Amino acid sequence: MPREPGLSSSTPVTQPPPDNRMAGYGMLLVTTLIWGVNWPMAKHLLQELPPLTVRGLPGVFSAMILAGVVLAKGQSLRVPRGEWGWLMLYAVLMVGAWMGLMGLTLVHLPASETAILGATIPVWAAGLAWPILGERLSVLRIVAIAMAVGGVVLLMGGNGISISWEKVPGIIYALTAALSFALGAVLAKRRPLTVRPLIGAVWQIGLGCLPVALIGLVFEHPHFGGVSPLGWSLFGFSIVFQGAIGYACWFGALERLPASTAAIGTLIVPVTGVVASAISLGEPLGIPQIGALLLTVAGVAIAARS
């Protein structure tokens, strides 16, 4: 997304002002907390609705909410003709593929393991940002990545994750989704859109989630009549928080922060997901989880100063 509305792809990339960076960190924190809490909620919702329906349909309603906010502010949803190709590409990479593949991952893996594997985003983004954006892999940034990944490894070891043939499809889905998301984030910095971030979020969420939702409705045959009140509450959370607020803050953070820094910040997601899973699903929360939390927070703090 563009740093300022109207910037073209040929505009040199400059360091954002301190105020913009602080706003970006705040948006990033909101995004990561919401997305972390959403993992155990989505896992529970899978007991009542199939995966593609759970991941795609709420996003369509989220896009409608954001569209209403844009129109209420007196802004237009119009997108320049030359932007549609890039807009659709980013929608597929950062929304459609992520939503669909991670929904399928939840079928094969526990919520905490799904969140952990999704946290490989910064590894891919940091590597892709070097050749695509020319962002230097500074020593501090490498240390930040190492600490954050160390926290992820500690979580994996602490939870006793073992790769079995039954888990292989879920692992493949999760890593493919993470790579897709990271590529979209880096490309969005390389070729930013000229529309405002909120307008871009409306179209990317809508275009990304609609195919996932349609596939789910056609092939999964969800039975909405059997959904419990708790299920509808979780469905509503996905619409308002995970979709509308979460993605709006993510695109705003991506506008204000380097791609690799924004991606490193998402490592808070698995920590939040593991803690939330322990509270709501009874999954382990011990020394490995606390150690991973400390490593992750330290890694994010270092990344913010790099």
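Readers should treat all values here as calculations from the given coordinates under stated rules, not as data from a laboratory. Remember, it's a predicted structure, so these values are computed and weren't measured experimentally. Quick reminder, even Gly has a Cβ in these numbers, built from the backbone with ideal geometry, and neighbours come from all protein chains shown.
With labels modelled as points extended 7 Å from the Cα through the Cβ direction, what inter-label distance (nm, one decimal) is found for TRP232 paired with ILE287?
4.7
Give the value in nm², to one decimal: projected area of the alpha carbon convex hull of the chain, averaged over all directions. Can you show the working numbers first?
Values: hull surface 61.9 nm².
Averaged projected area of the chain's Cα convex hull equals 15.5 nm².
As I understand it, the dipole of the stretch 18-305 uses +1 on the Cβ of Lys and Arg and -1 on the Cβ of Asp and Glu, about the Cα centre. Which of SER228, PRO50, ILE142 lies farthest toward its positive end?
Sorting the options by dipole projection puts first ILE142.
Dipole of the stretch 17-139 (Lys/Arg Cβ +1, Asp/Glu Cβ -1, origin at the Cα centre): which of PRO131, LEU66, TRP84 lies farthest to the positive side?
With unit charges placed on the Cβ atoms, the residue in question is TRP84.
Calculate the FRET efficiency for MET64 and TRP84 from the Cβ-Cβ distance with a Förster distance of 35 Å, rounded to the nearest 0.05. Don't skip to the answer; put the middle values down first.
Details: r = 20 Å, r/R0 = 0.56.
With a Förster radius of 35 Å, E is 0.95.
Farthest toward the dipole's positive end in the stretch 18-305, which of SER180, PHE241, PHE251, given Cβ charges of +1 (Lys, Arg) and -1 (Asp, Glu) about the Cα centre?
Among SER180, PHE241, PHE251, the one farthest towards the positive end of the dipole of the stretch 18-305 is PHE251.
For the chain, what does -39500 (n - 2.57) per DSSP helix run (n ≥ 4), summed and divided by total residues, give at 222 nm, in deg cm²/dmol to the nearest 500?
Details: 14 runs with 217 residues, N = 306.
Helix-only estimate at 222 nm: -23500 deg cm²/dmol.
Between MET22 and LEU137, what FRET efficiency comes out of the Förster formula 1/(1 + (r/R0)^6) with R0 = 22 Å and r the beta carbon distance, rounded to 0.05?
Values: r = 24 Å, r/R0 = 1.09.
Computed FRET efficiency for LEU137 and MET22: 0.35.
Charges at C-beta only: +1 for Lys and Arg, -1 for Asp and Glu. How large is the resulting dipole of the stretch 18-305 about its Cα centre, in Debye rounded to 20?
Working: 15 positive and 9 negative charges, 176 e Å.
Rounded to the nearest 20 debye, it is 840 debye.
Taking 35 Å as R0, compute the FRET efficiency from the Cβ-Cβ separation of LYS73 and PHE224 and round it to 0.05. Could the numbers behind the result be given before it?
On the way: r = 32 Å, r/R0 = 0.92.
Working from the Cβ atoms, E equals 0.60.
On a straight-distance basis, which lysines could pair with LYS43 in a cross-link, Cα separation under 17 angstrom, same-chain partners fewer than 8 positions away excluded?
Cross-link targets: LYS167.
What distance in nm lies between label points placed 7 Å from Cα along the C-beta direction at ILE279 and VAL168?
It works out to 3.8 nm between the two label points.
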